[in-house]
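Step one of this worksheet: look at the structure below.
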Amino acid sequence: MHIDRAQVIRDPWFAVGLGIAVGFGLVSLLGPALAPYDPWSMAFSPISQPTGEHWLGVNDGGQDIFSELLYAIRNTAAFGLLSGLASLFLGIALGLTSGWYGGVVDAVIMRVADVLLAVPAIMILILTAALFRPEPWVLALILSALMWPTVGKTLRAQTLSLKGSLHVRAAAQMGGGGGYILRRHLLPEMFPLYLIGFAAKARMAMFMEASLAFLGLFDPSRKSLGMMINYALQFYYLDVWWNWLLPPVLCLSLLIMGVTFLAVGLEKVLDPRLRADTGGRTWA
Amino acid sequence: MGLRVDNLTVVYRDGDHGVLALDDVSLALVPGRCLALVGESGSGKTTLGKACMGLLPRNAGIGGRILLDGRPLDPEDEAAMNRVRWSSISMVFQSGAANLNPVHRVLDQVAEPLIQQGGVDRSGARERAAGALEAVGLERVLHARYPHQLSGGQAQRVLLAMAGILDPDVILLDEPTSALDAASKAFVARAIQGMKAAGKAVLLISHDLEFALHQADDMSVIYLGQVVETLPASELLSNPRHPYTLALGRSYPAMDTARDLGGIRGDAFYRIVHRHGRDDGGVAPHSHIQVPGSSHRDGHAPPTGCLFQNRCTQAVPACSHGEIAMEEADGHRVRCLRGGIVRLLRMEGVSKRYDAVQALDGVDLQVQAGEVLSLVGETGSGKTTLALTAAGVLRPDAGTRAFDGADMDGWIRRDYRSLARRIGVIYQNPAEAVSHRFTVFDAVAEPLRIHGLAEGRGDLEERVKRRLGDVHLSTDRAFLERYPHELNMGAIQRVCMARALILEPSLLVADEPTSSLDPSVQAKVMKLLLHLQAEMGLSLLFVTHDIGLARKISDRIAVMMAGRIVEIGPASLLLRSPRHPYTRLLLESAAGRLPEAPPAREGTGDRDPGCAFAPRCSRRTGDCLTRVPLLAGHGPRRAACHAPLPEG
């Protein structure tokens, strides 16, 4: 899997995805600084239309919707990032271990993965959130523990194929131990798969976070795109959909689309079946 | 009877030091046999001849004994020597005409020993001299000529006639063919056969290995004044036991050897004897081996031990200590601490099965230190499996493997890394053997990194660059940072070579390293590989389906068929007269001729008992179908066939 960096960056899917992701990343990082008001302050007149002071108006609780939106994006993105990274970490650790050592280790890890794949993640999360009311980051980690199997299985398959490749066998012949080969040959070799795995899991986690928030399973004072949508829907009849409902829906969609585009762009470059031209080194 | 030399030591004194020309040389000349003394120039061959004749210069100090017909000779007793010279022992000196007196006619010179010692009168002597000259093929018109009027070959014949004129029992020939053409050589050869038939003891001093090997019965190989091996002449090329003998044979362009000239790595030591303050003028009690380019005063020259250690392919630290004595080994007498050429790798009864295919079926194989052994055979004959088993990469189902005298399987379990350091592998597909995420530098540095052998970045870089230089690749920064897919196949394979050699292994296993290269690149890569093989003194196990290539590079060839070795032997013999019909088939196919045997049928799975070649073999007998032939034969040549082809 050799990546031509210039080719990846020129890919339109990747470029658009990267643009969106960077935009949201900046918003998340700078959110508190950009927000014109404190999103928890109920100092304004409730359910106002957008004005020069309140770009997206004010909600039913007298809070500035634009400020709320910035904080919500920050929370949702952080949840996705944490959950994506944790899934990826688990997937790498368990997938490589499984593929490299094989045998009993492989059998155990893969059976656990099969079980997790069969369990509906959303149900576990709803139950956990409703029963234990954990902090959001705990939920993110629980989600990762449920999501890693797909990443793990991909990496295991790749490890198995790399294990048989000549340069890995050559390194083993030269006396390179498991640790050395994992570090120098396998980990760097699968770098593109990490990006794909991360993107897929982060996307799923963000959607999950919005769903849970929509269902009201988080602390009600925590800003979230899902919760904003929920509240906005309650006042749908007041003709506030375009300034209150639409922004969080659009942001959520764009966030998920951005990360998806990134993944599609990478996959297109790496998976020969998605390449328009499979001959030679010119990518689609 | 004949001539015996016991522990002869000769030192040429020069001021306060001396040069040790002969050191503890013992040999015996037996009537009716010819002993050849071979070695590089400067090894002391001529000194030995002159010592026997009592003709050493005054500054020579002599130790040991020379016995002529059981009676000791005193080379310094001029009168006694005069009595035996020409009548009992004679010598044909090197470089023909220069040894003849330019102011006398050749007839008179040949007649002179008769007059001086034989007590024959002048005319009788002339008559007999004329007869002797005619016997060596010189017509009467030439007899009255002066030496400068003769050609080199004619002068050599005069010397031969002169040496035999008094019918001595012992004849020493010093480089009798060094300046002769092939036809004149044949004449000298016939003369030597005549002397042997007449019951004379002949010493042939020569650096012409092929001539010596055909004329002599026994052979002594001399290196820096020491005899390192005495062996039957016929085994010089096919079964040497001392690493120097192997290297010497490989350096000589014999007609039979197909392999390209190998050369011997490094330079010879000098041997200097120092008096160290003794003023009695005698030979000092110890000698120093001196490395070329250093002086004794540098003080870092190894003081003792084997003279060949710095050029040897199997030297161990113990080789630089003490005196190394001659010892018996396989019917040879060898001066080697390790008992002659070491079997670096020894595999016995090695079998390996992949599901339905018996890839290896009870294979015995030995790889000697410093040799190039090729495995040839069709695809699927088990060559690669055998090579990878030899490298310790694959584990056989049955059989034992020993590397450098130690059990290999135990070694792998105990400490694979230390074994891995001693075995390098070059693969068939160089592009896949290097991770595409590694730069050239990373690839070559990999073994050093795995074993943590480099001391810091500077050392790592220097060693990588040195190895890249060895394989004639660029060492500039831009090249070091290239990726394998940016290089051509030949260059990647050379990167792989540098990687396999950077730890200076003792065994290099190369699995079809050039089959993905075009012929011109292959030639370049192979030349480099063989040069490095010789320079680093490593053993090369070379897998190839290309017999033509194997012919050019191998000391020995093993032919594989259906998981077995069916024939093994010195490359020259095996290629000239194959004994197994399958080898003949391969040779015929390789030469582009249509072989008489029908092509193999693929995919028959488990075979019937018996020889795998039997269904295709024209020499098949009943046994061939029922009983597997085992490797049999004498000496280094073995074939596994119930009805082998005659030795030719």
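The values are calculated or read from the model by the stated rules, or taken from the named source; none is laboratory data. On a predicted model such as this, the values are computed, not experimentally measured, just so you know. In this analysis, Cβ positions are derived from the backbone assuming ideal geometry, glycine residues included, and neighbour counts consider all displayed protein chains.
Of the strands (runs of 3 or more DSSP E) that lie entirely inside region B:152-257, those containing 3 or more residues that are closer than 25 Å to B:Ala130 by Cβ span B:170-174. Among the conditions (1) away from every other protein chain (no Cβ under 14 Å); (2) at pLDDT 90 or above; (3) closer than 21 Å to B:Ile426 by Cβ, B:Leu388 misses just one, which is (1). Restricting region B:424-438 to residues that are within 30 Å of the chain's Cα centre (by Cα) and at the interface with another protein chain (Cβ under 8 Å from one of its Cβ atoms), the residue that is surrounded by the most Cβ atoms within 10 Å (Cβ to Cβ) is B:Val425.
Okay, residues lined up against (1) more than 14 Å from every other protein chain (Cβ to nearest Cβ); (2) in a helix (DSSP H, G or I); (3) among the charged types (D, E, K, R):
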| site | (1), (2), (3) |
| --- | --- |
| A:Arg169 | no, yes, yes |
| A:Ala199 | yes, yes, no |
| A:Ser221 | yes, no, no |
| A:Leu254 | yes, yes, no |
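Mind checking which residues of region A:86-134 are closer than 18 Å to A:Thr159 by Cβ, surrounded by fewer than 18 Cβ atoms within 10 Å (Cβ to Cβ) and under 20 Å from the mean Cα position of the chain (by Cα)? Correct list: A:Phe89, A:Ala93.
Touching a Phe, Trp or Tyr at 6+ places or on another chain (Cβ under 7 Å), within 14 Å of chain A (Cβ to nearest Cβ), buried (at least 16 other Cβ atoms within 10 Å of the Cβ) and over 27 Å from B:Gly563 (Cβ atoms): is that true of B:Ile492 in this structure? The answer is no for B:Ile492. With respect to B:Arg335, is the statement that it is at pLDDT 85 or above, more than 13 Å from B:Leu541 (Cα to Cα) and within 19 Å of the chain's Cα centre (by Cα) true? So B:Arg335 fits the description; yes. If I filter region B:96-103 for residues that are buried (at least 18 other Cβ atoms within 10 Å of the Cβ) and at pLDDT 85 or above, do I get at least one hit? Scanning region B:96-103, I find no residue that is buried (at least 18 other Cβ atoms within 10 Å of the Cβ) and at pLDDT 85 or above, so the answer is no. Remark: B:Glu235 matches the filter, which requires a residue to be modelled with pLDDT of 80 or more and either buried (at least 22 other Cβ atoms within 10 Å of the Cβ) or under 17 Å from the mean Cα position of the chain (by Cα) (or both).
Okay, residues lined up against (1) within 23 Å of B:Ser520 (Cβ to Cβ); (2) within 14 Å of chain A (Cβ to nearest Cβ):
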{"site": "B:Arg449", "(1), (2)": "no, yes"}
{"site": "B:Asp459", "(1), (2)": "no, no"}
{"site": "B:Lys465", "(1), (2)": "no, no"}
{"site": "B:Asp470", "(1), (2)": "yes, no"}
{"site": "B:Asp476", "(1), (2)": "no, no"}
{"site": "B:Asn488", "(1), (2)": "yes, no"}
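Is it the case that B:Gln149 is closer than 12 Å to B:Val92 by Cα and either free of Cβ contacts under 8 Å to residues at least 60 places away in the same chain or buried (at least 22 other Cβ atoms within 10 Å of the Cβ) (or both)? Considered against the rule, which asks whether it is closer than 12 Å to B:Val92 by Cα and either free of Cβ contacts under 8 Å to residues at least 60 places away in the same chain or buried (at least 22 other Cβ atoms within 10 Å of the Cβ) (or both), B:Gln149 comes out as no. Of the candidates A:Ala21, A:Ala6, the single residue that is more than 28 Å from A:Phe79 (Cβ to Cβ) and either free of Cβ contacts under 8 Å to residues at least 40 places away in the same chain or in contact with a Phe, Trp or Tyr (Cβ under 9 Å, 6 or more places away or on another chain) (or both) is A:Ala6.
When each of B:Leu448, B:Leu453, B:Leu460 is tested for being under 35 Å from the mean Cα position of the chain (by Cα) and in a helix (DSSP H, G or I), the lone residue that passes is B:Leu448. Scoring B:Asp407 on the criteria (1) in contact (Cβ under 8 Å) with a residue 12 or more places away in the chain; (2) within 15 Å of B:Arg346 (Cα to Cα) leaves a single failure, condition (1).
Yes or no, residue by residue, for (1) more than 30 Å from B:Leu585 (Cα to Cα); (2) surrounded by fewer than 21 Cβ atoms within 10 Å (Cβ to Cβ):
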{"position": "B:His485", "(1), (2)": "yes, yes"}
{"position": "B:Ser539", "(1), (2)": "no, no"}
{"position": "B:Val543", "(1), (2)": "no, no"}
{"position": "B:Asp546", "(1), (2)": "no, yes"}
{"position": "B:Glu567", "(1), (2)": "no, no"}
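Go through region B:41-60 and give me each residue that's of a type outside the set (S, T, N, Q) and buried (at least 17 other Cβ atoms within 10 Å of the Cβ). Correct list: B:Gly44, B:Lys45, B:Leu48, B:Gly49, B:Lys50, B:Ala51, B:Cys52, B:Met53, B:Gly54, B:Leu56, B:Ala60. Candidates B:Asp442, B:Asp415: the one that is within 14 Å of chain A (Cβ to nearest Cβ), touching a helix residue (DSSP H, G or I) at 6+ places or on another chain (Cβ under 9 Å) and in a helix (DSSP H, G or I) is B:Asp442. Just one residue in the set B:Gly569, B:Gly592, B:Gly648 is at pLDDT 90 or above and either under 30 Å from B:Ser238 (Cα atoms) or under 27 Å from the mean Cα position of the chain (by Cα) (or both); that residue is B:Gly569.
The conditions of being more than 14 Å from every other protein chain (Cβ to nearest Cβ) and under 30 Å from B:Val444 (Cβ atoms) are met by A:Leu155. The set of residues from region B:148-178 being within 31 Å of the chain's Cα centre (by Cα) and either outside the structural domain of B:Gly131 (by TED's automatic domain parsing) or at positive phi (or both) comprises just one member, B:Glu175. Scanning region A:157-167 for residues that are in a helix (DSSP H, G or I) and in contact with a helix residue (DSSP H, G or I) (Cβ under 8 Å, 6 or more places away or on another chain) yields A:Ala157, A:Gln158, A:Thr159, A:Leu160, A:Leu162, A:Lys163, A:Leu166, A:His167. In a residue-by-residue description of region B:19-29, the property of being in contact (Cβ under 8 Å) with a residue 60 or more places away in the chain, out of contact with any Gly (no Cβ under 9 Å at 6 or more places or on another chain) and small (Gly, Ala, Ser) applies to no position. Once region B:373-403 is narrowed to residues that are hydroxyl-bearing (Ser, Thr, Tyr) and in a strand (DSSP E or B), the residue that is farthest from B:Tyr416 (Cα to Cα) is B:Ser374. Return yes or no: is A:Pro134 away from chain B (no Cβ under 14 Å) and not in a helix (DSSP H, G or I)? Spelling it out, A:Pro134 is indeed away from chain B (no Cβ under 14 Å) and not in a helix (DSSP H, G or I). Taking the stated definitions as given, is A:Val240 within 14 Å of another protein chain (Cβ to nearest Cβ) and crowded, with 16+ Cβ neighbours inside 10 Å? No, not satisfied.
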